[in-house]
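Once you've had a glance at the structure underneath, I'll fire off some questions.
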Amino acid sequence: MIPKGGGKPHHLPGSWRPLALLPCVGKILERVVTDRLQELVIHSNLLPKTQYGMTGKSTTTALQFLLNPVYAAWSTAPKKYISILSIDIKGAYDRVDREKLLEILIGFGIPEWLVEFVASFLSNRSTVAKLPGSPLSPILCLFYTAPLLRMVSEQARGSEAPSWLKSVQFYCFAFVDDTDIMLVFSSYRTNCRALEFAHEEILKWARPMGVTFSTGKSHLMHFKPPWSRDPDCRLTVNIEGFDTKNEPVDELKILGVIVDRRLRWTAHIDQIEAKVELQLAILTRFSGSVWGTPLMDLITLYATKIRSTITYACPAWFIYDDYDSLDLCLDEIQLKKLQYKCLLKISGALRGTCARVLEKELVTDDIEVTPTRHVMTHQAKILDTPEYEFLATVRSDLTQSGTSTRGNQQPFEVLENQTRLLRDITRNDMIQKVGPFKDGGREPHGSIRPNSLDYFSTCDCFWLPEMVDIVQSTSNTPYRITG
């Protein structure tokens, strides 16, 4: 047993997490079966497109699915309001009904031998609470909760649904056992009524399945554009066990990212800063300004460990102010100060040392560069893929239903245009400089060096084995490639 984070009281059973020490040979076999099952799911499209938590369905794409309707609704007229209800299945792994799960697998057309393997996997277990230690558990949980996502949309569009509900747009997605229901309509009050209807339908599905929800982890939030001067909406939902006293909330933690209702990301950056401060405190235990770990090793530690904390899921939230003066941009000053503090700590430099000098001497990119590279790389990888087409459809559903008032201000549309331009320029430049690509022999490689600090980057979107850095020059100087 290990304590959970978050400073929860240790006298509560829920504050501890059990460790599952399963046989190594069994884990290898379960991993093989898990991989095969994932391949079947991907190629046959067995699970809903909004079911995340497996290969190709990362937290980043889940957050992008969440944010696309929000940005699109804010970019169109007439005015639309967005509300989200986050619910969590209580003890998801421990409460899976064995017979129900096997019926669901058979209904999805899973091969008989695989169903029998799962039945054996779930049988004669002496400690059901340790089931999450298996690599097979998450994907089985995805199958178990898949009907929930389909059921919410189908019931809202069904013949028995009230007429007012059919005009409300539902966006329901899940990441394993975390489920979020987001609604878009012209009234917050109607959104709350629709959420109550959706929650009641979910309970109808959950009761015979033996699934219960943790009301303490359920939260409601109403999104509000950062430029809006309308009064804050304090309407809540009438759900049994729901804490209406402290709802709706201004911030909601979704998949490790703190989403605030105005999408300014200040609270999330505060969380990043707190995590980095803890990592720096640990670093001081084995390194100082004149003793301990060598400087180059500390630089590597910062680049691989600390900076990865900063860039977690950044393709979803890192919208910076170079995107055509967008209204929906975060403030980079706090991130710049955070990196400066980290570089001072690992280098032992005096306070007041120029940040540019530190970055140059420690061979470290500006804090704007690394997240931008992650953003452009992620966008280039999913461009023109089924996942990208699905996200584009979600975005266009709202923009086509109204008049675009801030169409050029939609962050993901601007990002898409930048990525396509970047990909086309890079492909043409590489063909001109290196020559056409061939199936055999040594593949060309190289890097395009920047002419300014404001650059984009991408990888593998034009069949290169390595990441290639691109710069958008402020002048008319052509791109330069060096091998």
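Contact list please: Cβ distance under 9 Å, first residue in the stretch 418-438 and under 22 Å from Val375 (Cβ atoms) and exposed (fewer than 15 other Cβ atoms within 10 Å of the Cβ), second residue modelled with pLDDT of 80 or more and not charged (D, E, K, R), pairs at least six apart or on different chains.
Nothing qualifies.
Do we have any residue at all in the stretch 157-178 that's of a type in the set (Asp, Glu) and modelled with pLDDT of 85 or more? Can you show your working first?
Initial filter on the stretch 157-178 (of a type in the set (Asp, Glu)): 160, 177-178.
Narrowing further to those that are modelled with pLDDT of 85 or more: 178.
Checking the stretch 157-178: at least one residue is of a type in the set (Asp, Glu) and modelled with pLDDT of 85 or more.
Further question: With touching a residue at least 12 places away in the same chain (Cβ under 8 Å) and assigned to a helix (DSSP H, G or I) as the only criterion, which of Leu85, Leu114 stands out? Before the answer, list the steps.
Details: Leu85 fails: assigned to a helix (DSSP H, G or I).
So the residue among Leu85, Leu114 that is touching a residue at least 12 places away in the same chain (Cβ under 8 Å) and assigned to a helix (DSSP H, G or I) is Leu114.
Answer with yes or no whether Leu148 is hydrophobic (A, V, I, L, M, F, W, C) and at pLDDT below 85. Step through it out loud before you land on a result.
Numbers: hydrophobic (A, V, I, L, M, F, W, C): yes; at pLDDT below 85: no.
For Leu148, the condition - hydrophobic (A, V, I, L, M, F, W, C) and at pLDDT below 85 - is not met.
If you don't mind, there's one more thing I want to ask. Find the helices (runs of 4 or more DSSP H) located wholly in the stretch 266-311 whose residues include 1 or more that are within 18 Å of the chain's Cα centre (by Cα), and list them. Even if it seems obvious, please write down each step before you answer.
Working: elements: 266-283, 295-301, 307-310.
In the stretch 266-311, the matching helices (runs of 4 or more DSSP H) lie at 266-283, 307-310.
Related question: For Leu105, are the conditions met, namely being at pLDDT 90 or above, over 25 Å from the mean Cα position of the chain (by Cα) and either surrounded by fewer than 15 Cβ atoms within 10 Å (Cβ to Cβ) or not in a loop (DSSP other than H, G, I, E, B) (or both)? Break it down stepwise before answering.
On the way: at pLDDT 90 or above: yes; over 25 Å from the mean Cα position of the chain (by Cα): yes; either surrounded by fewer than 15 Cβ atoms within 10 Å (Cβ to Cβ) or not in a loop (DSSP other than H, G, I, E, B) (or both): yes.
For Leu105, the condition - at pLDDT 90 or above, over 25 Å from the mean Cα position of the chain (by Cα) and either surrounded by fewer than 15 Cβ atoms within 10 Å (Cβ to Cβ) or not in a loop (DSSP other than H, G, I, E, B) (or both) - is met.
Restricting the search to the stretch 149-184, which residues are within 28 Å of Ser58 (Cβ to Cβ) and β-branched (Val, Ile, Thr)?
Of the stretch 149-184, the ones within 28 Å of Ser58 (Cβ to Cβ) are 149-154, 156, 169-184.
Residues satisfying the conditions are Val152, Val176, Thr179, Ile181, Val184.
Something else about it: Return only the number of the condition from (1) outside any helix (DSSP H, G or I); (2) under 26 Å from the mean Cα position of the chain (by Cα) that Gly216 does not satisfy.
Condition (1) is where Gly216 drops out.
Looking at Asp180, Asp230, which is the one that is assigned to a loop (DSSP other than H, G, I, E, B) and of a type outside the set (Val, Ile, Thr)?
Numbers: Asp180 fails: assigned to a loop (DSSP other than H, G, I, E, B).
Being assigned to a loop (DSSP other than H, G, I, E, B) and of a type outside the set (Val, Ile, Thr) holds for just one of Asp180, Asp230, which is Asp230.
The values are calculated or read from the model by the stated rules, or taken from the named source; none is laboratory data. Model, not experiment: these values are computed from the prediction. Cβ: placed from backbone, ideal geometry, glycine included. Neighbour counts: every protein chain shown.
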